[in-house]
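Below: the structure, in structure tokens.
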Amino acid sequence: MERAGKQISLNKMAKILGISVDTVKRFFGYFLDTYIIYAIERCGKLNERLKSPKKVYAGDVGIRNLFTGFRDLGAIFENLVFLKIKSKNPCYVLENSTEIDFLTEDKTLIKVKYEKELNEKQLQLFNNYPAKRKIIVDTFEKYLKLKI
């Protein structure tokens, strides 16, 4: 739950927990199958999607907060946006170590930045990325009005 909104490596998780990668994969699959968590791939060619870590999101932000507390409001906010758009099969964009949070199947690019501004690299990638529609969600009011 603490990794919600972040990339996750099953190999690193296995090492931290001191268990096999196969065991981590099995439990990760259980969590996905029961909708405790969701995972999205990196956008791009098959090679990039397979090699890149997935980003993970909590299926219920209340349960996430129960385990982790209300730390990292940006991650909580990103998780809420994901839950709102999950039916649009989002993936994440990563270019030159700069990330845009979501690209939906209808080519809507979404950057979530809770009460913060995009840095120069994020803004450049956001502006130059070929998408039909681009949305920056940086306030709760914009989240409430988000229609995809």
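Treating cross-link reach as a plain straight distance, find the aspartates and glutamates whose alpha-carbon is under 12 Å from the alpha-carbon of K132, omitting any fewer than eight places away in the same chain. In chain and number order, the partners are E105, D106. Placing unit charges on each Cβ (+1 for Lys and Arg, -1 for Asp and Glu) gives the chain a dipole about its Cα centre, and among L46, F82, G59 the Cα reaching farthest toward its positive end belongs to L46.
Could you list S97, S52 in order of exposure, starting from the residue whose Cβ has the fewest other Cβ atoms within 10 Å?
Values: S97 6, S52 16.
Ranked by crowding around the Cβ, least crowded first: S97, S52.
Diffusion of the chain by Stokes-Einstein, at 20 °C in a medium of 1.002 mPa s and with Rh set to the Kirkwood radius over alpha-carbon pairs, works out to 134 µm²/s. Summarising the strand pairing of segment 6-145, around 70 percent of its internal DSSP beta bridges are antiparallel. Within segment 63-144, antiparallel bridges make up roughly 55 percent of the DSSP beta bridges whose residues both belong there.
Counting every other Cβ atom within 10 Å of each residue's Cβ, R3, R133 order from fewest to most as R133, R3. By the count of other C-beta atoms within 10 Å, a proxy for reagent exposure, D138, D60 are ordered fewest to most as D60, D138. Springs between Cα atoms under 10 Å define the GNM used for the chain, and in it the highest mean-square fluctuation of A14, A58, A39 occurs at A14.
How charged is the neighbourhood of R71? Take every other residue with its Cβ under 11 Å from the Cβ of R71, and add Lys/Arg as +1 and Asp/Glu as -1. Its environment carries a net charge of -1. GNM remark for the chain: springs join alpha carbons under 10 Å apart, and the peak mean-square fluctuation among I63, I16, I136 falls on I16.
Dipole check for segment 6-145: with +1 at the C-beta of Lys and Arg, -1 at the C-beta of Asp and Glu, and the Cα centre as origin, the magnitude is about 260 Debye.
Placing +1 on each Lys and Arg Cβ and -1 on each Asp and Glu Cβ, with no other charges, gives segment 94-144 a dipole about its Cα centre of roughly 180 debye. Pairs of Cα atoms nearer than 8 Å and 6+ residues apart set the relative contact order; for segment 6-145 it is 16 percent. Measuring nothing but how far apart in sequence close Cα pairs (under 8 Å, 6+ apart) lie, relative to its length, segment 1-70 scores a relative contact order of 42 percent.
Report the net charge of residues surrounding I19, where surrounding means a beta-carbon distance below 14 angstrom and charges are Lys +1, Arg +1, Asp -1, Glu -1. Please list the in-between numbers first.
On the way: positive: K12, K15, K25, R26; negative: D22.
Around I19, the surrounding residues sum to +3.
A helix-only calculation puts the chain at -12000 deg cm²/dmol for mean residue ellipticity at 222 nm, using -39500 (n - 2.57) for each DSSP H run of at least four residues, averaged over all residues. Here the Karplus relation 6.51 cos²θ - 1.76 cosθ + 1.60, evaluated at θ = phi - 60°, turns the backbone of segment 124-132 into coupling constants of 5, 5, 4, 5, 8, 6, x, 9, 6 Hz, with x for every Gly and Pro.
FYI, it's all coordinate maths here, none of it is from the lab. Bear in mind the structure is a predicted one, so any value in this text is a computation, not a measurement. So basically every Cβ, Gly included, is an ideal-geometry build from the backbone, and we count neighbours across all protein chains shown.
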